[in-house]
Amino acid sequence: MKQNLAYRNLKAKPVRTAILVVLTALLSLTVCGGTLLVSSLRTGLSSLEARLGADIMVVPYEAKTKSNLESVVLQGNPGYFYMDMSRYEKIASREGVGQISAQFFLASTSSGCCSIPVQIIGFDPETDFTITPWIRRSYGGALEPGDIVVGNDLNAFVGDTLTFYGVDCRVAAKLDKTGTYYDAAVFTSVETIQQLIASSLDKGMNDFAGIDPERVVSAVLINTADGYSIEEVLNDINIHVKKVKAVQTKEMIAGISDSLRGTSDLIGVLIAAVWVLGLVILLLAFTMSVNERRREFAVLRVIGASQGKLAAVVMQEAMLTGLCGAGIGTGLALIGVAAFRSALEAQLGLPFLLPGAGRICLIAVLSILAVLIAGTAAAAVSAYRISRIDTALILRGDNG
Amino acid sequence: MKMTAQGLTKEYARKSGNANRFTALHPLDFTLETGALTVLMGRSGSGKSTLLNLLAGLMRPTGGTVLAGETDLFALSDRELSAFRNAHIGVIPQGQTAIYSLSVLENVLLPYTLTGSAEGEEIARAKALLERLDIAGLADISPADLSGGELRRMAIARALVRQPEILLADEPTADLDDENTATVCKALQAAAGAGAAVLMVTHESGAEAYADRMLTMQGGVLSE
Ligand SMILES: Nc1ncnc2c1ncn2[C@@H]1O[C@H](COP(=O)(O)OP(=O)(O)OP(=O)(O)O)[C@@H](O)[C@H]1O
Ligand SMILES: [Mg+2]
């Protein structure tokens, strides 16, 4: 017959054990949940950065005010602005321009002409360097005329047909989730979008300010050539190309990364506060639970338990409750973040993308470890304090 | 295994009162002989428990040494002293000493299970002890359901179960009726008969009948 004292002690005091389990569960819930939140926001931001994938974006001058650049480009609100193709050619000829590609925006509406109101983004497969790499991950084939690729949030599937301004488009692929507003957009090649633009014009639905629909461009994306700084190229375009506005994409997302930093700092502070509080409570809980049994511990010493043995018993109690609590808390955090992620996304108003499974596992394991170590350390401290007192003094102190 | 104390003394720090140190045990030389039941009597507060706890290595003396056989108790590390006590010294402290998360039988088996495991032979010995102390029927219940006298007998069984060479009992008959007092005294006497060095601290005048040697403590001074 062997006896696991720690286990027996826990079993003998179910209420105390339950309180310890709940406490450690709360600790791990906050640390795991908080870390998941912060890392989802970070992943979302880097996903957004990757989507933009260019140093400079050039848009018609009036876009900054008219349709609000950020609303269209960053928040994905359906909108459009156009300039003539000659602008693109001008920009392409400037010194320091490396990779360059045009994009075309069109907003579908909710009226009878279109299946759904979304932002439609056209790109030129010949030159594109921002959208194609990302589409490649979900779809390997070429986009035939009339083919579209839909964002992950759209309620459409491969093989479906969506109608925009009377033109039937086939869904060729559905993209992976990005956590950005692009999840609600539709992508297509330059030919198809020109067809859509022309068709919308026929229906009298868009204002092109006299520009030939075959020769419109919404935005030009640029990577600078080697040896040129972003500022240099940006200033050069702003000075020498008329009626356009060149902006640094980094600056465009600066607002988002600022509020992301703010949010993750806040979450960090909250985690820290819960931890300080949790550690104090854990320490108190273990000190109380050890103090309550100081006579029992003294009796174990009389029978021949060393200080180390006592510490081992108390630490084992902490480990068992910690493992239970941390398991429950971490599980709840995972389920909670998974279940409420849309709500969180909407609430935070920031790009939000869960990290990969490997990373999630790592976060979960680390949170469990952190709580286990904290609980065991708290237990060790209280056990050490009690075992330093002369056994005889404890025994006479409260002759139970 | 005999026990020898040399120049053993204990002072306590007192929180109030005129003198801030109080000498509970004046330097004493003392030998606890093997194969004998030594009974120590004395008024309350005379220092009996202090001596017993020092002999058990449960607190450090202000001065002097305690030898158990050839082993200097206070020269051992905590781990060594604990292991030594577990193997060689049975202690029955004053007051209640139950571990409430374990059953009565498991309490009695603790000296084994604390460091290893208890198998058929050890369990049989524990059950025989419970039988002899007349609490065999209570083996599987929780100590919380026991009377004071039953708890005391459980503690005695626990101190005896490893058949220690040294047995130190602090008022083991305090809560017991005459019949049970006799049972306990006989058990201690039997242990002495089997070769152990046994010290019993008691107020019980009836204990004299079982004693091989009588000692008295008075104001921290031991006399024959
Ligand atoms: N930790 C302590 N601090 C201060 N004084 C103490 C301490 N422990 C014991 N004493 C004092 O030492 C003296 C001896 O105490 P001890 O417990 O050895 O007496 P005792 O003979 O066992 O008495 P009793 O028969 O009541 O058990 C007492 O006067 C007591 O007040
Ligand atoms: Mg006493």
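Quick look at the numbers
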| read-out | value |
| --- | --- |
| Computed magnitude of the charge dipole of the range A:75-249 (debye, nearest 20; Cβ of K, R +1, Cβ of D, E -1) | 280 debye |
| List of the range B:106-142 residues, accessible area with partners at least 50 Å² below that of the chain alone (1.4 Å probe) | B:106, B:113, B:114 |
| With Cα atoms, 0 to 90° folded angle of helix A:307-339 axis to chain A main axis | 30 degrees |
| Rounded to the nearest 10 Å², the accessible area of residue B:181 at probe 1.4 Å | 10 Å² |
| Residue B:103/residue A:46 FRET efficiency (R0 60 Å; Cβ-Cβ; nearest 0.05) | 0.50 |
| Computed helical MRE - 222 nm, chain A, DSSP H runs ≥ 4 contributing -39500 (n - 2.57), nearest 500 | -18500 deg cm²/dmol |
| Two-site FRET efficiency, residue B:203 against residue B:134, from Cβ-Cβ distance with R₀ of 22 Å, rounded to 0.05 | 0.50 |
| Within straight-line cross-link reach of residue A:242, aspartates and glutamates at Cα separation under 15 Å, skipping those fewer than 8 residues along the same chain | A:62, A:84, A:89 |
| Tail fraction, Cα-Cα pairs, the range A:87-200, threshold 22 Å, whole percent | 31 percent |
| Where GluC sites (Glu not before Pro) in DSSP loops with at most 14 other Cβ within 10 Å are excluded, longest remaining stretch of chain A | A:127-400 |
| In Hz, Karplus ³J(HN,Hα) per residue of the range A:260-268 (6.51, -1.76, 1.60; θ = phi - 60°; x = Gly, Pro) | 5, 4, x, 5, 6, 4, 4, 4, x |
| Restraint check, A:13/A:309; A:90/A:174; A:2/A:309, Cα-Cα greater than 27 Å | A:90/A:174 |
| Under 12 Å, Cβ to Cβ, from residue B:111 - net charge with Lys/Arg +1 and Asp/Glu -1 | +2 |
| Neighbour-limited loop hits for GluC sites (Glu not before Pro), the range B:30-97 (at most 16 other Cβ within 10 Å; DSSP other than H, G, I, E, B) | B:33, B:70 |
| Other protein chain Cβ atoms within 10 Å, averaged over every residue that makes up A:386-396 | 5 |
| Additional length obtainable on full extension of the chain from residue B:216 to residue B:87, 0.36 nm per residue less Cα span | 43.6 nm |
| Nitroxide proxy distance, nm - points 7 Å out along Cα→Cβ at residue B:190 and residue A:170 | 9.7 nm |
| Ranking by accessible area, most exposed first, for B:41, B:200 with a 1.4 Å probe | B:41, B:200 |
| Förster radius 51 Å - calculated FRET efficiency between residue A:281 and residue A:251, Cβ distance, rounded to 0.05 | 0.65 |
| Number of partner chain Cβ atoms within 10 Å, mean per residue of A:1-14 | 4 |
| Drop in accessible area of at least 10 Å² in the complex versus isolated chain, residues of the range A:290-326, 1.4 Å probe | A:295, A:296, A:299, A:300, A:301, A:302, A:303, A:304, A:305, A:306, A:307, A:309 |
| Convex hull per residue volume in Å³, alpha carbons only, for the range B:3-223 | 132 Å³ |
| Where B:208, B:11 fall by accessible area, highest first, once all protein chains stay in place (1.4 Å) | B:208, B:11 |
| Simple spin-label estimate for residue A:332 and residue B:80 in nanometres, 7 Å along Cα-Cβ | 5.0 nm |
| Sulfur and carbon atoms: percent of accessible area, chain A [1.4 Å] | 59 percent |
| Principal axis dimensions, largest first and in whole angstrom, of the protein assembly as shown by Cα | 125, 50, 37 |
| Buried solvent-accessible surface, both chains (A, B), 1.4 Å probe, Å² to nearest 100 | 2600 Å² |
| Dipole-positive endmost among A:290, B:45, A:107 within the protein assembly as shown (Cβ charges, Cα centre) | B:45 |
| Translational diffusion of the range A:153-205, µm² s⁻¹ [Kirkwood Rh, Cα pairs; Stokes-Einstein; 10 °C; 1.306 mPa s] | 130 µm²/s |
| Solvent exposure of the protein assembly as shown as accessible area per residue, Å², 1.4 Å probe | 43 Å² |
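The values are calculated or read from the model by the stated rules, or taken from the named source; none is laboratory data. Owing to the predicted nature of the structure, the values given are computational and were not obtained by experimental measurement. Glycine also receives a Cβ, built like all others from the backbone with ideal geometry; neighbour counts cover every protein chain displayed. Accessible surface areas use protein heavy atoms only, side chains included; no ligands, DNA or RNA. Shrake-Rupley method; radii C 1.70, N 1.55, O 1.52, S 1.80 Å.
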